[in-house]
Amino acid sequence: MPSKKALVRRPSPKLAEGLVTHIEREKVDHGRAVEQWDAYVEALGAHGWETLEVDPADDCPDSVFVEDIVVMYRNVALLTRPGAESRRAETAGVEEAVARLGCSVNWVWEPGTLDGGDVLKIGDTIYVGRGGRTNAAGVQQVRAAFEPLGARVVAVPVSRVLHLKSAVTALPDGTVIGHIPMTDVPSLFPRFLPVPEESGAHVVLLGGAKLLMAASAPKTADMLADLGHEPVLVDIGEFEKLEGCVTCLSVRLRELYA
């Protein structure tokens, strides 16, 4: 049976100092961010996900974006080497968490850099965004870790947004969705559905037809509802000020061995 566990990490007191790359810096309300994070975690739990809290990394402003620190395929965890050097101290707590779950643990080594937000898995195909935070050596190490297990790794250029999953994610049937102005090469995906809002490109598959989405994408939510999906909206506005989205606030572990 598929597992439904999700790693999450409480926002650092230094959250407002988090990195911004493609957008203008805005003031972040830490108290409001904590409330939004709590509501995000509650939404996962309300839809059958067991959330496992990684030890906080209070000195790491971006540590709430836990998805960037580990990539999962089946029962194998690949600990990343983030492209931003300031984020590399985030790995220790995540490594401990996946090891406790019985995962086989691997690491990305220098000169490779890899952010988990650059990795989109659709079945056994793993798309890896090659851009600002993930380099060619990082892509090669994803291949080395996962292709022997049956994965097919496809490199995708990313230049308009922070991460691949800032531009595209996938619906339950494997259709990739994205906001055209943010997507470098939509034709790389066998099935691509444009959405009308940038934050509408980000969905977390909760199970069945349910999609966790940002409340900032109401037009996309309506469009997907018309197609038979069931959007579950959460306000993550404080994290969006730091280029965050619904995918990067958790690591979904769907294929843990019993």
Could you tell me whether any residue of the stretch 98-109 is in a strand (DSSP E or B), touching a helix residue (DSSP H, G or I) at 6+ places or on another chain (Cβ under 6 Å) and under 26 Å from ALA43 (Cβ atoms)?
-> no
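Residue by residue, here is whether (1) open to solvent by 50 Å² or more (accessible area, probe 1.4 Å); (2) part of a helix (DSSP H, G or I); (3) under 27 Å from GLU50 (Cα atoms) holds:
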{"position": "THR113", "(1), (2), (3)": "no, no, no"}
{"position": "LEU120", "(1), (2), (3)": "no, no, yes"}
{"position": "TYR127", "(1), (2), (3)": "no, no, yes"}
{"position": "ARG133", "(1), (2), (3)": "no, no, no"}
{"position": "VAL139", "(1), (2), (3)": "no, yes, no"}
{"position": "ALA145", "(1), (2), (3)": "no, yes, yes"}
{"position": "PRO148", "(1), (2), (3)": "yes, yes, no"}
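Conditions (1) in contact with a Pro (Cβ under 7 Å, 6 or more places away or on another chain); (2) over 23 Å from VAL8 (Cβ atoms); (3) open to solvent by 40 Å² or more (accessible area, probe 1.4 Å), marked per residue:
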residue: THR169; (1), (2), (3): no, no, no
residue: VAL176; (1), (2), (3): no, yes, no
residue: PHE192; (1), (2), (3): yes, yes, yes
residue: GLY208; (1), (2), (3): no, no, yes
residue: ASP235; (1), (2), (3): no, no, yes
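Is it fair to say VAL98 is surrounded by 24 or more Cβ atoms within 10 Å (Cβ to Cβ) and farther than 19 Å from LEU205 by Cβ?
Values: surrounded by 24 or more Cβ atoms within 10 Å (Cβ to Cβ): yes; farther than 19 Å from LEU205 by Cβ: yes.
Taking the combined requirement at face value, the residue satisfies it.
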Which one of the conditions (1) assigned to a loop (DSSP other than H, G, I, E, B); (2) open to solvent by 10 Å² or more (accessible area, probe 1.4 Å) does SER63 fail to meet, given that it meets all the rest?
-> (2)
Just one of VAL158, VAL154 is in contact with a Leu (Cβ under 8 Å, 6 or more places away or on another chain), over 26 Å from ALA39 (Cβ atoms) and crowded, with 18+ Cβ neighbours inside 10 Å; which is it?
-> VAL158
Any pair with Cβ under 6 angstrom, 6 or more apart, that starts in the stretch 189-214 at a residue that is assigned to a helix (DSSP H, G or I) and ends at one that is open to solvent by 50 Å² or more (accessible area, probe 1.4 Å) = SER199/SER216
Just one of the numbered conditions (1) touching a Lys or Arg at 6+ places or on another chain (Cβ under 6 Å); (2) open to solvent by 60 Å² or more (accessible area, probe 1.4 Å) is not true of LEU188; which one?
-> (1)
Going by the conditions given, is SER216 open to solvent by 10 Å² or more (accessible area, probe 1.4 Å), of a type in the set (Gly, Ala, Ser) and within 21 Å of ALA43 (Cβ to Cβ)?
-> yes
Test: residue in the stretch 32-52 that is surrounded by 16 or more Cβ atoms within 10 Å (Cβ to Cβ), without any contact (Cβ under 8 Å) to a residue 60 or more places away in the chain, aliphatic (A, V, I, L, M) and not in a helix (DSSP H, G or I) | yes
Flag if SER250 is closer than 30 Å to SER63 by Cβ, polar (S, T, N, Q) and under 13 Å from the mean Cα position of the chain (by Cα) | yes
Please tell me if SER12 is more than 17 Å from the chain's Cα centre (by Cα), closer than 26 Å to GLY132 by Cβ, open to solvent by less than 20 Å² (accessible area, probe 1.4 Å) and at pLDDT 95 or above.
-> yes
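The values are calculated or read from the model by the stated rules, or taken from the named source; none is laboratory data. Given the structure is predicted, the values throughout are model-derived calculations rather than measurements. Cβ atoms come from the backbone with ideal geometry, glycine included; neighbour counts cover every protein chain shown. Quick note on the areas: whole protein, heavy atoms, side chains included, nothing else; ligands and nucleic acids left out. Shrake-Rupley method; radii C 1.70, N 1.55, O 1.52, S 1.80 Å.
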